[in-house]
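Here the structure is laid out as structure tokens; the discussion comes afterwards.
Bear in mind that the values in this text are calculations on the coordinates, not laboratory data. The structure displayed is predicted, hence computed values, not measured ones. Methodologically, a virtual Cβ is constructed for each residue, glycine included, from the backbone with ideal geometry; neighbour enumeration extends over all protein chains shown.
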Amino acid sequence: EDQVTQSPEALRLQEGESSSLNCSYTVSGLRGLFWYRQDPGKGPEFLFTLYSAGEEKEKERLKATLTKKESFLHITAPKPEDSATYLCAVQGSGNTGKLIFGQGTTLQVKP
Amino acid sequence: NAGVTQTPKFQVLKTGQSMTLQCAQDMNHEYMSWYRQDPGMGLRLIHYSVGAGITDQGEVPNGYNVSRSTTEDFPLRLLSAAPSQTSVYFCASTPPGSNQPQHFGDGTRLSIL
């Protein structure tokens, strides 16, 4: 059964304090791993898609990496505006179009 | 483009009432889906559609119906609301092509008393 687990559930950082969020997954034939950002009262907003182990993608202070078992979202020198819930999801070869989501990591960055 | 539009944004129902959550997209996406989001549970797929006239069940379909008469619209119906259906509901659409990211609406917050 396809499964996604994110850790930690919640993370508090000081502004400028770099850290990483983890997304562990089991899936039959990974077709894509997706990272989303969700602000309170809003829908998830797409950040990155990773397709194969070793792949990395960057956007501003965020960098996503992928191995065969997990993905990391690295946040470098975060700012208060990076505060949000970060969601990880996978699409397997047997689930055309379907995404399996993790529970999310809620990040709070204090000034 | 407005993207994915969901209405209403908030709704309170009594147990046993029925209602329809509306979802519309103006991006001509074939694939659309409905999720519910509950604390500690992540987003769970309720129903999805790969095109007009075609729908299928997701992970948690019980108590919900969908139809897809047009490419643009994908309404979700609660036939007889139960307190367990209190949740935030998100609609999403996906561009054509494999492994494309889903675009989400801003959700409907539903409370069943």
Fill in: Cβ-Cβ FRET estimate between A:Thr76 and A:Asp39, R0 fixed at 25 Å, reported to 0.05
0.80
Discussion item. Quick check: net charge around A:Gln38, other residues with Cβ under 13 Å of its Cβ, Lys/Arg +1 and Asp/Glu -1?
Written reply: -2
Worksheet item: Just the Cα atoms of the stretch B:1-59, one point each, no solvent: what log10 I(q)/I(0) does Debye give at q = 0.13, 0.16, 0.25 Å⁻¹?
Response: -0.44, -0.67, -1.24
Worksheet item: To one decimal place, what Kirkwood hydrodynamic radius in Å is obtained for the stretch A:52-111 from all pairs of distinct Cα atoms?
Response: 13.1 Å
Practice prompt. Treating each Cα of the stretch A:11-111 as an identical point scatterer and ignoring solvent, apply the Debye formula and state log10 I(q)/I(0) at q = 0.15, 0.19, 0.22, 0.23 Å⁻¹.
Written response: -0.57, -0.89, -1.14, -1.22
Worksheet, complete the sentence: Log entry: pair-distance distribution for chain B, C-alpha pairs binned every 10 Å from zero, whole % per bin is 15, 50, 29, 5, 0
Worksheet, complete the sentence: Most exposed first, judged by fewest Cβ atoms within 10 angstrom, B:Arg68, B:Arg36 run B:Arg68, B:Arg36
Worksheet item: Ranked by Cβ crowding within 10 angstrom, fewest neighbours first, how are B:His47, B:His29 ordered?
Response: B:His29, B:His47
Response to the item:
Residues other than A:Lys110 with Cβ under 13 Å of its Cβ, Lys/Arg counted +1 and Asp/Glu -1, net out at -2
Fill in: Whole-percent pair-distance distribution, where bins are 10 Å wide, for the alpha carbons of the protein assembly as shown
8, 33, 35, 19, 4, 0
Discussion item. Students often forget the sequence filter, so: which lysines lie under 23 Å Cα-Cα from A:Lys69 once same-chain residues fewer than 8 apart are removed?
Written reply: A:Lys57, A:Lys59, A:Lys98
Worksheet item: Assigning unit charges at the beta carbon (Lys, Arg +1; Asp, Glu -1) and nothing else, what dipole magnitude in debye, to the nearest 20, does the protein assembly as shown show about its Cα centre?
Response: 320 debye
Item to complete: For A:Lys42, go through the aspartates and glutamates and keep the ones whose alpha-carbon is under 12 Å away, minus same-chain ones fewer than eight residues off.
Response: B:Asp106
Worksheet item: How do A:Phe46, A:Phe72, B:Phe104, B:Phe10 line up, fewest other C-beta atoms within 10 Å first?
Response: B:Phe10, A:Phe46, A:Phe72, B:Phe104
Worksheet item: Which of the listed residues, B:Ala2, B:Leu76, B:Ser18, is farthest toward the dipole's positive end in chain B, when Lys, Arg count +1 and Asp, Glu count -1 at the beta-carbon?
Response: B:Ser18
Fill in: Cut-off 14 Å between beta-carbons: net charge of the residues surrounding B:Phe74, Lys and Arg +1, Asp and Glu -1
-3
